[in-house]
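Worksheet: one structure, shown below.
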Amino acid sequence: MPYPILDGGAFSLYYTALGLMLQKADLKIYALNTPKDWADPDGIPVDFKGKSRFEFSVVDTRFRYLRALRNLFAGGSYFVERFFSEKFRAGLIKILQEEVFDIIQLEHVYLCLYLETIRKYSKAKVVLRPQNVENQVWNRFMKNRMNPATRAFLFIATWRLEKFEREMARKADGIITISPGDEEVFRRYAPGTPVVSVPIGFDFMNTGSFTENRHPGRFPVFYHLGSMDWFPNIQGLKWFIKEVFPLVINENPEFIFRLAGKKMPAWFYERQGKNLIVDGEVGDSLKYNVDKAILIVPLLSGGGLRAKIVEAMALGKTILSTTIGAEGIPYTDQENILIADSKEEFAIQIKKCMNSQEFCRKIGRNARKLALENYDCNHTASQMIQFYHGLTAVSKPFH
């Protein structure tokens, strides 16, 4: 679902659609709404909903242990299987029978489950837009400790997922990745398929009032904002609190870290105190960002491009991230971002930020400049449309 913008998937879809509409594309969105992450369709801005001719179908993607066990003997990947729904397929067929499209863009590799249906009912070019290399995310996750049974299941499911990703990449007419690293991977998966990298976009028209006074509150306030039902976020933040916190607080007792995001696990609430404040889910991420100075992104696994880093850069925030967290961003360490990959490095960078507000402002200004140059949704949508033209040889406005 494209709204509310509480995670990277919604962020990517909303601003991609907004950019395409600004480019005068005739757009239609058909979305999955899952019980696990239910989004009220009435909460979507009326203007956006009307211009995108928005429709959705409910698809239950919740993890079922019995189905997962059966899937081990069925041959496919359970990660993929969860996203198939006859109801969603029926709605898709109805749309394809009623309308003619130039391009059908699948905003996740799992939606390639419906590729055969699309081919049957439409002559449109099909573009795959993977949010990351899914099997890479799971492979990184498996490097961390877990019980042998879980590791064995994930190994099989991830191996099958990679096989699915490779096959679907070859079947698509074109692929738009969100980072150069992902572009390289998909070029290897599908040597004969056109592939281009176009990053996540952002609407800078909404940020002017947020950047005039970047630190109106107490300085410095460190924070993290992200979806807390995504395991790389949970994994990274637990590591940060267990390993980095003691080093930082020992030397800087006044250190404050605020934590926000949907589906916040109880583990974090149980560790609240003077130095850790858990805000939970917030309704407006832009407003939440405004009185905070340094965004911490301690990812140890994951992939793609972090939407919340793009948003924070657009607002002129200082970003302190691991190398994995900053993947896909054309950054320069110590100029427009701060990189740390060990607990000692995090402690050093946090101390540097606490000691100099001007240093943080400099990093933030450079971060906003980088974001303006690379992530304006109007520009990224224009890049997409150029790619569509190359696939279709159509010069008229796109449907």
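The values are calculated or read from the model by the stated rules, or taken from the named source; none is laboratory data. Keep in mind that this is a model prediction, so the values were computed, not measured. Quick reminder, even Gly has a Cβ in these numbers, built from the backbone with ideal geometry, and neighbours come from all protein chains shown. SASA here: full protein model, heavy atoms, side chains in, ligands and nucleic acids out. Shrake-Rupley method; radii C 1.70, N 1.55, O 1.52, S 1.80 Å.
Observations, loosely collected:
- Pick from region 45-60, criterion in contact with a Pro (Cβ under 8 Å, 6 or more places away or on another chain) and assigned to a loop (DSSP other than H, G, I, E, B), ranking: least open to solvent (accessible area, probe 1.4 Å): S52
- Verdict on G19 being of a type outside the set (A, V, I, L, M), open to solvent by 30 Å² or more (accessible area, probe 1.4 Å) and in a helix (DSSP H, G or I): no
- Yes/no for W239 being in a helix (DSSP H, G or I) and open to solvent by 50 Å² or more (accessible area, probe 1.4 Å): yes
- Residue pairs whose Cβ atoms lie under 7 Å apart, sitting 6 or more positions apart in sequence or on different chains, and linking a residue in region 178-191 that is farther than 20 Å from A326 by Cα to a partner that is hydrophobic (A, V, I, L, M, F, W, C) and in a helix (DSSP H, G or I), are Y189/A169; A190/A169.
- A search for C-beta distances below 7 Å between a residue of region 295-316 that is over 23 Å from W138 (Cα atoms) and any residue that is open to solvent by 10 Å² or more (accessible area, probe 1.4 Å) and in a loop (DSSP other than H, G, I, E, B), counting only pairs 6+ apart in sequence or on different chains, returns G316/R214.
- Flag if N252 is surrounded by fewer than 19 Cβ atoms within 10 Å (Cβ to Cβ) and either polar (S, T, N, Q) or modelled with pLDDT under 90 (or both): yes
- Residue in region 308-325 that is surrounded by fewer than 17 Cβ atoms within 10 Å (Cβ to Cβ) and of a type in the set (S, T, Y) present: yes
Here is a yes/no grid of residues against (1) of a type outside the set (A, V, I, L, M); (2) modelled with pLDDT under 95; (3) touching a Pro at 6+ places or on another chain (Cβ under 6 Å):
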{"residue": "G273", "(1), (2), (3)": "yes, yes, no"}
{"residue": "L286", "(1), (2), (3)": "no, yes, no"}
{"residue": "D291", "(1), (2), (3)": "yes, yes, yes"}
{"residue": "G304", "(1), (2), (3)": "yes, yes, no"}
{"residue": "V310", "(1), (2), (3)": "no, yes, no"}
{"residue": "A340", "(1), (2), (3)": "no, no, no"}
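- Helices (runs of 4 or more DSSP H) completely within region 108-212 that count 1 or more residues being open to solvent by 40 Å² or more (accessible area, probe 1.4 Å) and modelled with pLDDT under 95: 134-142, 148-171, 180-189, 208-211
- Near pairs, Cβ below 8 angstrom, 6+ apart or cross-chain, from region 368-394 (touching a residue at least 40 places away in the same chain (Cβ under 8 Å) and basic (K, R)) to any residue that is in a helix (DSSP H, G or I) and surrounded by 16 or more Cβ atoms within 10 Å (Cβ to Cβ): R368/T211; R368/M313; R368/A314
- Unique residue being in contact with a Lys or Arg (Cβ under 7 Å, 6 or more places away or on another chain) and among the β-branched types (V, I, T) when the list is T318, T392, T322, T380: T392
- Residues that are open to solvent by less than 10 Å² (accessible area, probe 1.4 Å), touching a helix residue (DSSP H, G or I) at 6+ places or on another chain (Cβ under 6 Å) and under 20 Å from P199 (Cβ atoms) are absent from region 342-359.
- Subset of region 65-93 that is surrounded by fewer than 20 Cβ atoms within 10 Å (Cβ to Cβ), modelled with pLDDT under 90 and part of a loop (DSSP other than H, G, I, E, B) - its residue that is nearest to the chain's Cα centre (by Cα): G76
- Residue count for region 270-310 satisfying the condition of being hydrophobic (A, V, I, L, M, F, W, C) and either on the phi > 0 side of the Ramachandran plot or outside any strand (DSSP E or B) (or both): 10.
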